[in-house]
1. Please go through segment 159-202 and pick out each residue that is farther than 13 Å from residue 138 by Cβ, part of a helix (DSSP H, G or I), out of contact with any Lys or Arg (no Cβ under 9 Å at 6 or more places or on another chain) and open to solvent by 10 Å² or more (accessible area, probe 1.4 Å).
2. Within the bounds of segment 9-20, is there any residue that is at pLDDT 85 or above, assigned by the TED database to the domain that holds residue 122 and not in a helix (DSSP H, G or I)?
3. Output the residues belonging to segment 119-136 that are over 23 Å from residue 476 (Cβ atoms) and not charged (D, E, K, R).
4. Against the conditions (1) open to solvent by less than 60 Å² (accessible area, probe 1.4 Å); (2) without any contact (Cβ under 8 Å) to a residue 40 or more places away in the chain, where does residue 473 fall short? Just the number, please.
5. Considering only segment 472-493, state which residues are under 18 Å from the mean Cα position of the chain (by Cα) and in a helix (DSSP H, G or I).
6. So which residues in segment 91-111 are in contact (Cβ under 8 Å) with a residue 60 or more places away in the chain and in a loop (DSSP other than H, G, I, E, B), if there are any at all?
7. Any residue at all in segment 443-456 that is within 18 Å of the chain's Cα centre (by Cα) and surrounded by fewer than 24 Cβ atoms within 10 Å (Cβ to Cβ)?
8. Is it true that residue 299 is open to solvent by 10 Å² or more (accessible area, probe 1.4 Å) and either not aliphatic (A, V, I, L, M) or not assigned by the TED database to the domain that holds residue 416 (or both)?
Amino acid sequence: KIRADHEKALEEAKEKLKKSRDEIQAEIQTEKNKVVQELKKKDSKPLPPVPLPNLIGINSGEPADPDIREKRNKIKEMMKHAWDNYRQYGWGHNELKPIARKGHSTNIFGNSQMGATIVDALDTLYIMGLHDEFREGQEWIDKNLDFSVNSEVSVFEVNIRFIGGLLAAYYLSGQEVFKIKAVQLAGKLLPAFNTPTGIPWAMVNLKSGVGRNWGWASAGSSILAEFGTLHMEFVHLSYLTGDPVYYNKVMHIRKLLQKMDRPNGLYPNYLNPRTGRWGQLYVSAAGTGKLDFYEYLLKAWLMSDKMDTEARKMYDDAIEAIEKHLIRKSNGGLTFIGEWKNGHLERKMGHLTCFAGGMFALGADGSRDDKAGHYLQLGAEIAHTCHESYDRTTLKLGPEAFKFDGGVEAVAVRQNEKYYILRPEVIETYWYMWRFTHDPKYRQWGWEATQAIDKYCRVSGGFSGVKDVYSSSPTYDDVQQSFFLAETLKYLYLLFSNDDLLPLDNWVFNTEAHPLPVLH
């Protein structure tokens, strides 16, 4: 058989060589076109019809109080300012440089123009009733959002911003294009899971499917806060496509993590996707300052209509360990979440960790041993600490990280931690605390932050981060982050809306503030 095949191949080659160069080129072109058509067919097989979950509260929330309404309208105006300038100067680029008035891209999106700000902002535009802007964004996505680019992207960032943003836009608006694009993109992320352990690479090339890890992460390891936060989006992808592959990938990660030993009950931050062993053990819990993995355990339980009790148990175990090992009170009485470094607790908290106040409040209902009141109180204490980090600066905007050493409390010490890049985590916690307590101080704190952002971060070409929140004449970093439109402005808008806009019994927000419906 081998000889026959061999001879047949030789015959075909001889035939080919008799043809003119032009004929051969034409044949190659025909073959290429055939392959492209096949791929198109494969890409565009229709998705099964799935019943949309019962979507409650997607365009309401108008407050009766005229003062609150005025504040809410101000936040909407800020969103319009951010969007209009991006539309004018950065359209199609990932982000905007508001002072240079041109597009901007970071390495997390690779080197290609993927319109990150558009995808990230869609659901915010929708709930604010900015429907013309929403339609502009939808049109761009329909015509220009292309995932077959030769570009290496962060699996984590693309999942929370792009897949999360597209899914939320689909559920809010019912427009099929968002669902189709989300599924196409998810297919491009799947090759990242082709590792010996099934723990995905941090980076994947969208065209070739080749994955690798960040150079700076521990000895080629993947980061828990990244691969641990794919769950919500991937469960929804399986729901919408009827294909269990996405669900299986994330459940496999969970099973693997459950089997591993956890020093002092906490999951270390790095895991090697080749060996399945932890990277540096001493970087416990929030080594890079992110507790997102624990947040996603809680949200997996909420999103499953509280049926996924395994996720709830993992969350409860983890936060008990966090309380025991990471949460401390400063001499001045401020509760903070420290970071493990080299086997001791560093008395420093990052702005990113401030979201945990909202997480504790969100998880209070349903917690063990009647500790709901305790966790709501813990959320309130963290909100207070993070507010202090804002209040103790010149601009009334919080630094990237702040210390609790000796006389210095809730203040940044190092120059490279004094910047504010339009981050949402503190405002996110204010919003959750407002929803669960209706204590007016949270709206007051949110309004302080709104005014400070409008005063010190607003420029004629959009909004920019500032490099030093303790300086009265700060310099700008000249980046309008996509998460400013996705998260910061959305949480502010929700803080000044009634609770019937995206009620928490029906919606769960991913870590980029994209709301996904509870799947009953």
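1. Within segment 159-202, 161, 183, 184, 187, 191 meet the criteria.
2. no
3. 119, 122, 125, 126, 127, 128, 129, 130, 131, 134
4. In the conditions (1) open to solvent by less than 60 Å² (accessible area, probe 1.4 Å); (2) without any contact (Cβ under 8 Å) to a residue 40 or more places away in the chain, residue 473 misses (1) alone.
5. 482, 483, 484, 485, 486, 487, 488, 489, 490, 491, 492
6. If we filter segment 91-111 for residues that are in contact (Cβ under 8 Å) with a residue 60 or more places away in the chain, which is where we start, we get 94-101, 104, 110.
Correct list: 94, 98, 99, 100, 101, 110.
7. Taking every residue of segment 443-456 in turn, none turns out to be within 18 Å of the chain's Cα centre (by Cα) and surrounded by fewer than 24 Cβ atoms within 10 Å (Cβ to Cβ).
8. Answer is no for this residue.
The values are calculated or read from the model by the stated rules, or taken from the named source; none is laboratory data. If you're wondering where the values come from, they're calculated on a predicted model, not measured in any experiment. No Cβ is skipped: glycine too gets one built from the backbone with ideal geometry, and neighbour counts run over all protein chains shown. Areas reflect the complete protein model, heavy atoms only, side chains present, ligands, DNA and RNA absent. Shrake-Rupley method; radii C 1.70, N 1.55, O 1.52, S 1.80 Å.
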